[in-house]
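What follows is calculated from the coordinates using simple rules that are stated; it is not laboratory data. Keep in mind the model is a prediction, meaning the values are calculated, not measured. Note: ideal-geometry Cβ built from the backbone for every residue, glycine included; neighbour counts use all protein chains shown.
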Ligand code: AVI
């Protein structure tokens, strides 16, 4: 059985998502131009992301799934049965069942800002695990979230797969880890656990290919932001004047995605004018990569003590169990 939530998106009288407009306008006025990666995920962006997870060059999903599939017995031993699994983001049809099957939880609580995906994935999970109470919560998990009363008395395991933590700059990642502690009740004396996926630093060519696949799926994902801005914010950005770029920033240990202007362009968004020179970019995403030590340090800074760490056969990706 699943419960339903309440819509969260704040729209103006024309149906425009106010936060989207503010972020895009502020980002285009900023020097250098940058738009937060969360705006990739409209319906088409989410569909394209699913497609990315299946392209040959994009190893993170396969590597993490390998770890989750292979380490079930160890998860069961270290985590134990009867916890409420609180997933930050609506669950994936592949990874979440692997964890739930391994540890025999008492409830599953997916948290997501997008009600539609949340309800879809909660229903799918509910069908797969008929005896498991599923309580989806439509919420922005960057802040402390009040969990449903039904799971008050249960121990909690936070689950944050996918290396989504890597899409945040360290300051934001630490804020999120601290919010997770609060959401899971660590401040009230409970001892929650967190199982988190963190992608590893590796050969530059492997990293850049993962974010610039030959079939152009990641390029389409990045360029879909232009289409979304034009559709939702009355934009006039010429899609053919932008190209996808993925570059490894070695100082900051992250892949950066940019939309590069292939010629000088002028356009409007929400009635405001912008101009870009040839070669100027809009920075659309960071995907930070970690070493075992930087991963530990980030978790510790966020209030979590690493207990165990697993990698895939090729040492590309890590899954870490931590306690509050
Ligand atoms: C969702 N997130 C962890 C993905 C990543 O790898 O940073 C998003 C992505 N962007 C391009 N490809 C995948």
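Hey, fewest Cβ within 10 Å first, where do 10, 213 land in order?
10, 213
Which percent, nearest 5, of DSSP beta bridges in the chain are antiparallel?
Roughly 65 percent of the DSSP beta bridges within the chain come out antiparallel.
So for segment 7-105, averaging the separation of alpha carbon pairs under 8 Å that are six or more residues apart and normalising by length, what relative contact order in percent results?
18 percent.
In segment 1-143, what % of DSSP beta bridges are antiparallel (nearest 5)?
10
For the chain, count the residues as N, evaluate 2.2 N^0.38 Å, and divide the Cα radius of gyration by that value, please.
1.01
Ignoring everything except DSSP H segments at least 4 long, calculate the 222 nm mean residue ellipticity for the chain; use -39,500 (n - 2.57) per segment, divide by total residues, nearest 500.
Rounded to the nearest 500, it is -10500 deg cm²/dmol.
At a threshold of 8 angstrom on Cα-Cα distance, excluding pairs fewer than six apart, so keeping six or more, what relative contact order does the chain reach in percent?
The value is 20 percent.
Give, in whole angstrom and from largest to smallest, the semi-axes √(5λ) of the equivalent ellipsoid of segment 136-287, with λ running over the eigenvalues of the Cα gyration tensor.
Working from the Cα gyration tensor, I get semi-axes of 37, 21, 13 Å.
Fewest first, what order do 183, 53 take by the number of other Cβ atoms within 10 Å?
Fewest-to-most ranking of 183, 53: 53, 183.
By per-residue mean of other Cβ atoms within 10 Å, what is the highest-first order of 298-304, 228-234?
So the order, starting with the most tightly packed, is 298-304, 228-234.
What is the Cα centroid distance between segment 182-220 and segment 43-115, reported in whole angstrom?
So the separation of the two Cα centres works out to 12 Å.
Averaging sequence separations of C-alpha pairs under 8 Å and six or more residues apart, then dividing by the length of segment 198-324, give the relative contact order as a whole percent.
RCO, segment 198-324: 25 percent.
Roughly how tilted is helix 170-183, in degrees to the nearest 10 and between 0 and 90, from the longest Cα axis of the chain?
Value to nearest ten degrees: 40.
Ranked by Cβ crowding within 10 angstrom, fewest neighbours first, how are 109, 260 ordered?
260, 109
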